[in-house]
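Quick notes on the structure that follows.
The values are calculated or read from the model by the stated rules, or taken from the named source; none is laboratory data. Just so it is clear, the model here is predicted, and its values are computed rather than measured. Cβ placement follows ideal geometry from the backbone for every residue including glycine, while neighbour counts extend to all protein chains displayed. For accessibility, only protein heavy atoms count, side chains too; no ligands or nucleic acids. Shrake-Rupley method; radii C 1.70, N 1.55, O 1.52, S 1.80 Å.
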Amino acid sequence: MNARIFLSSMLLIFAPLPTAIAQVRGAQTSEGCIRVSDPQSKVSVSGRLTLQLFPGVPNFESIAAGDAEERTFIVELPAETCIDDGGDFADPAEKFVTVQVSGADRLSTVLKAAVGRNVLIEGEGFASYTGHHHAPLVVIADRVSVE
């Protein structure tokens, strides 16, 4: 039986993820990278959700040296993937296995409960472009499904 919890515009479903789901889905380039060049590009990402600590302001280099702590939700992908943002910030030749989940303020309770589990995150995807982005692909989550 599925327990459904509605939080704002986000829907969380506790149900097994279909095994045929690709780890990252969205519009693709001819090279097979996920296209995130369009404003508000919709993507879905499946993998294991983690909560990781990264150095933040002022230098984004070392918490021990005085940078602020930034706790960030990261989806660990089962295999490498790539994105193409039209040449602004992403290099389509760069393969990666981590995706940052943003929008965490309104989803923090749900995401914290899902840490360590396999998830499907759906939302707007874009290439990282600031020191606050800790993975090549950032997804502003609209929906979270937990296995």
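Details
- Search result, residues across the range 95-125 that are among the charged types (D, E, K, R) and out of contact with any Lys or Arg (no Cβ under 6 Å at 6 or more places or on another chain): 95, 105, 106, 112, 117, 124
- Yes/no for residue 144 being out of contact with any Pro (no Cβ under 7 Å at 6 or more places or on another chain) and farther than 20 Å from residue 70 by Cα: yes
- Selection count, the range 47-86, where residues are among the polar types (S, T, N, Q) and either touching a residue at least 24 places away in the same chain (Cβ under 8 Å) or in contact with a Cys (Cβ under 6 Å, 6 or more places away or on another chain) (or both): 4
- Qualifying residue in the range 87-94 (condition: open to solvent by 30 Å² or more (accessible area, probe 1.4 Å), touching a Ser or Thr at 6+ places or on another chain (Cβ under 8 Å), touching a residue at least 60 places away in the same chain (Cβ under 8 Å) and not aromatic (Phe, Trp, Tyr)): yes
Results for (1) touching a strand residue (DSSP E or B) at 6+ places or on another chain (Cβ under 7 Å); (2) closer than 16 Å to residue 35 by Cβ; (3) of a type outside the set (Val, Ile, Thr), shown as yes or no for each residue.
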site	(1), (2), (3)
91	no, yes, yes
96	yes, yes, yes
101	yes, no, no
110	yes, no, no
113	no, no, yes
118	yes, no, yes
124	yes, yes, yes
134	yes, no, yes
140	yes, no, no
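- When the range 126-140 is filtered for residues that are small (Gly, Ala, Ser) and either in contact with a Leu (Cβ under 6 Å, 6 or more places away or on another chain) or open to solvent by 20 Å² or more (accessible area, probe 1.4 Å) (or both), the ones remaining, listed by number, are 128, 131.
- Residue check, residue 144 modelled with pLDDT under 95, surrounded by 19 or more Cβ atoms within 10 Å (Cβ to Cβ) and either at positive phi or not aromatic (Phe, Trp, Tyr) (or both): yes
- Check on residue 119, in contact with a Gly (Cβ under 8 Å, 6 or more places away or on another chain), touching a residue at least 40 places away in the same chain (Cβ under 8 Å) and either under 23 Å from residue 57 (Cβ atoms) or open to solvent by less than 40 Å² (accessible area, probe 1.4 Å) (or both): yes
- If the condition is being open to solvent by 40 Å² or more (accessible area, probe 1.4 Å) and over 15 Å from the mean Cα position of the chain (by Cα), then the range 69-86 contributes 69, 86.
- Strands (runs of 3 or more DSSP E) within the range 3-82 that include 3 or more residues at pLDDT 90 or above and of a type in the set (Val, Ile, Thr): 42-55, 69-81
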